[in-house]
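Take a look at the structure set out below.
Laboratory data are not the source of any read-out in this text; all were calculated from the coordinates shown. On a predicted model such as this, the values are computed, not experimentally measured, just so you know. Because the Cβ atoms are built from the backbone with ideal geometry, glycine has one as well, and the counts that use them run over all protein chains shown.
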Amino acid sequence: MGYGEVESYEDFANYNEQALNLLTAKFAPVPTWIYPPLAKLLALFDLHEWGHQHGNFISPHNQIFEQQRVGIETELQKTWGDRVKVFKAFNFCKPYLPEQVLEQVRDEGFDKLLIYPLLVVDSIFTSGIAVEQVNNALTQLAGEGDHWLTGTRYIPSFYNEEDYIELLARLVEEKIQNDLNVAHLPSQTGIVLLNHGCPHKAKGFTSGIMESEALYEKVREKLIHKYPLVSVGWLNHDTPLIEWTQPNAELAAKNLIDLGATAIVMMPIGFATENHCTFG
């Protein structure tokens, strides 16, 4: 499961309304009746940003996510054959909403379900909404008598998996060695490790700050002995009246430059799939 992103600008309003209901409602004091008109207003800003400022940009997220789905399915079928099938579900994008995908899972005869949010950090905004949507969909699809599912399992996120941490550090080092090593000293190479921004207050839910900070510290430990200028950078949303994690990406880079960095490497560590946030 992943967020999904629009491939047609006409879908912005629907996408935004889904996000407002599932995400914004968890931390912002906004009445639900305002979601539909607010979603349409935000769609105008999205159209201006993606269409006019960034040359009709279309996020590659969905295409990359499909490649990830195929790769996971291919590896699993090497062991279990066609007894296993990997379906993709998006939190906000039709025709891959969880209720649509679970109906297909049921109709194809599967009776066991493994839920895997392909998102780096566990929080109410990632795995939390994935489980919420799956539970709602299973309730909708439940018929009379015994439930069609005979078993469910869940895989938590992987922010603390050593293989993932090693991979991130290796990618940063390879980028520096290939592109910056000749012109910039290691002590003058600034590294901004980018996490998805988190609101500090989320109505008592787990916001993901602790998990994101833990991921940052683990990757930083792998790099700092050779590259001392390392900072976290948070990719925050521009939501008024909400206190977000700091420093944001721009401030983090500026701080490293003030400390003597002559080159900056920005590495998204809190994202399993490239998307409009990482490209922006």
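Worth pointing out:
- Nearest-20 debye value, the chain charge dipole, Cβ charges on Lys, Arg, Asp, Glu: 400 debye
- Sequence-separation-based contact order of the chain, relative, with Cα cut under 8 Å and 6+ spacing, percent: 20 percent
- Cα centroid separation - segment 5-29 against segment 173-237, whole Å: 27 Å
- Cα long-axis angle, helix 12-22 against the chain (0 to 90 degrees, to the nearest 10): 80 degrees
- From phi via Karplus (6.51, -1.76, 1.60), per-residue ³J(HN,Hα) for segment 118-132 in Hz, x at Gly/Pro: 7, 9, 5, 10, 7, 6, 5, 8, 10, 4, x, 6, 5, 5, 4
- For segment 8-158, the Kirkwood radius over C-alpha pairs fed into Stokes-Einstein at 20 °C and 1.002 mPa s yields D = 123 µm² per second.
- Amide H contacts for G233 (H built 1.01 Å from N in the peptide plane; partners 5 or more residues away or on another chain; cut-off under 5 Å): L193, L194, N195.
- Computed over segment 1-157: relative contact order in percent, which uses C-alpha pairs under 8 Å that are six or more apart: 27 percent
- In segment 60-155, GluC sites (Glu not before Pro) in a DSSP loop with at most 10 other beta-carbon atoms within 10 Å: E108, E144
- The angle separating the long axis of helix 209-223 from the principal Cα axis of greatest extent in the chain is about 40 degrees.
- Share, in percent, of DSSP beta bridges within the chain that are antiparallel, nearest 5: 5 percent
- For S123, the residues 5 or more places off, or on other chains, whose built amide H falls under 5 Å of its own are G128.
- Dipole of segment 171-280 [Lys/Arg +1, Asp/Glu -1 at C-beta], most positive-end residue of L180, Y227, H200: H200
- For segment 186-280, trypsin sites (Lys or Arg not before Pro) are listed when DSSP marks them as loop and at most 16 other Cβ atoms sit within 10 Å of their Cβ; the list is K201, K203, K226.
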